[in-house]
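The values are calculated or read from the model by the stated rules, or taken from the named source; none is laboratory data. As the structure is a computational prediction, the values presented were derived from the model and not from experiment. Don't worry about glycine lacking a Cβ; one is built from the backbone with ideal geometry, like all the others, and counts go over all protein chains shown. We work out accessible area using only protein heavy atoms, side chains counted, and drop any ligands, DNA or RNA first. Shrake-Rupley method; radii C 1.70, N 1.55, O 1.52, S 1.80 Å.
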Amino acid sequence: MKKRVAILISGGGSNMIKLVESMVGSHPARPVLVLSNDPEAEGLKRAAKMGVATFAVDHRPFGKDRAGFEAELTRVLEKARPDIICLAGFMRILTPDFTAKWAGRMLNIHPSLLPKYKGLHTHARALEAGDTEHGCTVHEVTEDLDGGPILGQARVPVVAGDTATRLAARVLPMEHKLYPMVLARYAAGDRTLIELTQP
Ligand code: GRF
């Protein structure tokens with residue numbers, strides 16, 4: 001029985017595209033829903049073109065009512081009966097109630113070598129710190145923002161003269177490689193750490 005995967009996005013969905021493209025043939029999972037908090041998210045159109053069901057729960061009408069937004073998110077998700085949820089460029093902070101409900105079934109990709117640089121502006125912070133390497137991490141989502149058990153990491157060198165944009169552009173292709181690899185293992189019940197290094 002293939003595992004059912006829902007993917008949450010907020011924007012272009014480049015990671016979502018790679019995840020959807022990877023779930024073919026003998027892969028133990030299949031995408032069942034792409035869900036965004038932004039009805040205009042470009043990734044929704046891309047997912048629909050790939051034949052994946054899409055839905056948007058606009059977070060703006062809920063204002064500061066995170067619980068109300070998440071209740072609607074949960075209603076939509078439960079209809080899709082996901083076994084696994086992948087956050088992929090999803091930019092809303094989730095409450096402990098939501099992360100507890102999906103604990104053990106929800107992954108996220110974060111553009112840093114966690115536990116370094118939780119939160120935003122990770123590439124700029126790595127440059128400001130003078131780091132010689134940077135990268136991305138796939139982890140299980142817990143109530144500890146960007147702090148759950150690490151399932152995979154990919155490392156890239158920081159190059160002299162790097163800007164945050166250039167560094168982000170070097171990390172993103174590694175995200176696209178790492179996330180599908182971790183999902184394939186995770187969907188098969190394997191949580192062995194994956195470590196990639198870009199020369
Ligand atoms: C990526 O850098 C990812 O690490 C972060 O959001 C950015 C955009 O992701 N979570 P995507 O192109 O929407 O997948």
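Observations, loosely collected:
- Enclosing the Cα atoms of the chain in their convex hull gives a volume equal to 118 cubic angstrom per residue.
- In the chain, lysine pairs with alpha-carbon atoms under 19 angstrom apart (chain gap of 8 or more, or interchain): 9
- The chain: relative contact order as a whole-number percent, Cα under 8 Å and 6+ apart: 20
- For residue 13, distant residues with modelled amide H under 5 Å away: 43
- Database remark: amide H of residue 152 closer than 5 angstrom to the amide H of 138, 194 (H placed geometrically; neighbours at sequence offset of 5 or more, or on other chains; Pro and chain starts carry no H).
- Among the trypsin sites (Lys or Arg not before Pro) found in the range 112-167, those both in a DSSP coil and sparsely packed, with 16 or fewer other Cβ atoms within 10 Å of their Cβ, are 116, 118.
- Residues listed by number, the range 94-125, amide nitrogen under 20 Å from residue 164 label point at 7 Å toward C-beta: 109-125
- Per residue, the accessible area of the chain comes to 48 Å² when a 1.4 Å probe rolls over the protein heavy atoms.
- Farthest toward positive dipole pole in the chain [+1 Lys/Arg, -1 Asp/Glu at C-beta], among 123, 68, 179: 179
- Carbon and sulfur %, accessible surface of the range 1-102 computed with the full protein complex present, 1.4 Å: 55
- Checking every one of the GluC sites (Glu not before Pro) in the range 1-77 against DSSP loop status and a limit of 11 other Cβ atoms within 10 Å picks out 40.
- The range 1-102: radius of gyration over Cα atoms, expressed as a fraction of 2.2 N^0.38 Å: 1.02
- Nearest-0.05 FRET efficiency for residue 83 and residue 145, computed from C-beta distance (R0 25 Å): 0.60
- In sequence order, calculated HN-Hα J values of the range 123-131 (Karplus, 6.51, -1.76, 1.60; Hz; x Gly/Pro): 5, 4, 5, 5, 5, 4, 7, x, 5
- GNM result for the chain, Cα springs below 10 Å: residue of 24, 141, 171 fluctuating most strongly: 24
- Of the peptides 85-91, 133-139, the order by per-residue mean of other Cβ atoms within 10 Å, starting with the highest, comes out as 133-139, 85-91.
- Debye, to nearest 20: dipole size of the range 1-102, +1 on Lys, Arg Cβ, -1 on Asp, Glu Cβ: 320
- Charge dipole of the chain (Cα centre as origin; +1 on each Lys and Arg Cβ, -1 on each Asp and Glu Cβ, all else neutral): 580 debye, rounded to the nearest 20.
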